[in-house]
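The values are calculated or read from the model by the stated rules, or taken from the named source; none is laboratory data. All figures in this text were calculated on a predicted structure; none of them were measured in a lab. Neighbour counts run over all protein chains shown; Cβ positions are idealised from the backbone, glycine included. For accessibility, only protein heavy atoms count, side chains too; no ligands or nucleic acids. Shrake-Rupley method; radii C 1.70, N 1.55, O 1.52, S 1.80 Å.
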Amino acid sequence: MAYRIRPDADFTEAFRNAATRQLEHAITVLGERPDGAHEAIHSFRKNLKRLRSLYRLVAREVPDFQAQENARLRDAARSLSAIRDATALIGTAQYLQHAARGNEESEALGRIVTILEGRRDWMAEAESGLEQRLAETSDVLKEAIAALDAVSFDRGHRKNARMLAKSWRRTARKAQTALAACHGEASADDFHDLRKRTYDYRLYHALLRDVWPGAMKAKREAAKELVEDLGHIHDLTVLSELVEAEPQLFTRNDDLARLLDIIIFRQQEDRRQALIKAEAVFADDADEEAQRIELLWLMAGS
């Protein structure tokens with residue numbers, strides 16, 4: 001399931017192949033579900049995130065295609081989000097338990113995990129029409145594969161290099177703007193925006209890795225670690241929102257108070273660590289990076 005565009009390949013063919021493989025894998029995993037429906041949906045959503053990043057990379061050249069397919073994939077992901085989100089909350093509580101400060105905290109978080117598992121299970125039981133939605137989603141993904149026939153990049157190697165450089169510059173600048181907003185009195189949305197921009201940045205390193213394999217791999221791994229850290233921060237926000245929306249789930253008031261205290265502490269610490277990593281990941285000048293990508297693409301494809 002190669003997620004890359006080689007500079008010495010026909011760009012249209014490489015783009016279509018990269019997208020098709022993601023879509024075909026998503027269709028297969030939704031149909032076969034080797035590890036159950038929840039994990040299948042999780043895998044499917046990762047495929048769609050890769051696709052949306054791929055389409056953003058070429059948005060300047062094919063804006064109508066990108067807008068159409070981004071909407072299609074976004075809606076497909078949302079249609080299967082509820083149970084997966086409930087499962088993700090369990091993982092968040094387990095993450096907190098692994099970092100617990102003492103036995104009492106660990107035991108309280110263990111009870112929280114059990115509560116969230118029960119919530120996920122009754123949500124799954126109440127979920128109606130899941131099989132139909134899985135089938136409908138597979139049909140949507142097949143339509144997305146067919147839509148790839150209409151997209152092409154025939155402007156030549158040099159113009160494609162310039163397109164990639166512009167997309168790279170735009171993403172790096174957006175990430176640096178998002179990073180700046182995360183200092184001081186930053187909101188949860190500020191950190192979530194940084195996460196989304198870092199996710200694109202990481203995947204661009206994967207897509208174009210053949211132009212400079214060693215350096216791309218190191219930067220991609222650093223960005224991946226940052227994405228994971230920012231993901232924990234976002235998940236803690238979602239868990240905090242659940243506590244506010246459904247406090248009746250937590251029958252022990254001391255567990256509820258302890259959970260809120262743990263979330264606040266963990267968020268503050270995770271934000272501090274994430275900002276340190278983000279400053280390193282986005283330390284390079286966006287214009288210089290983009291120029292380097294353009295030059296490397298031209299050299300590798302010549």
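If a residue has to be hydrophobic (A, V, I, L, M, F, W, C) and open to solvent by less than 50 Å² (accessible area, probe 1.4 Å) to count, how many in segment 239-264 make the cut? Adding up the residues that qualify gives 9.
Pairs meeting the criteria (first residue in segment 9-23 and under 12 Å from Ala144 (Cβ atoms), second residue of a type in the set (Phe, Trp, Tyr), beta carbons under 8 Å, at least 6 apart or on different chains) are Ala19/Tyr55; Gln22/Tyr3. Taking each residue of segment 121-136 that is aliphatic (A, V, I, L, M) and looking for partners that are part of a loop (DSSP other than H, G, I, E, B) with beta-carbon atoms closer than 8 Å, six or more apart or interchain, yields Leu134/Leu80. For segment 89-114, filtering for residues that are open to solvent by 30 Å² or more (accessible area, probe 1.4 Å) and either assigned to a helix (DSSP H, G or I) or among the charged types (D, E, K, R) (or both) leaves 12.
State all residues of segment 252-283 that are farther than 24 Å from Ser187 by Cβ and touching a residue at least 24 places away in the same chain (Cβ under 8 Å); if no residue qualifies, say none. Passing the criteria: Arg252, Asp254, Asp255, Arg258. For segment 171-190, taking the residues that are touching a residue at least 60 places away in the same chain (Cβ under 8 Å) and assigned to a helix (DSSP H, G or I), the one that is most open to solvent (accessible area, probe 1.4 Å) is identified as Arg173. For segment 116-124, state whether one or more residues are loosely packed, with under 14 Cβ neighbours inside 10 Å, of a type in the set (Asp, Glu) and in a helix (DSSP H, G or I). Scanning segment 116-124, I find at least one residue that is loosely packed, with under 14 Cβ neighbours inside 10 Å, of a type in the set (Asp, Glu) and in a helix (DSSP H, G or I), so the answer is yes.
Of the residues contained in segment 65-88, none is found to be touching a helix residue (DSSP H, G or I) at 6+ places or on another chain (Cβ under 7 Å), open to solvent by less than 60 Å² (accessible area, probe 1.4 Å), assigned to a loop (DSSP other than H, G, I, E, B) and modelled with pLDDT of 90 or more.
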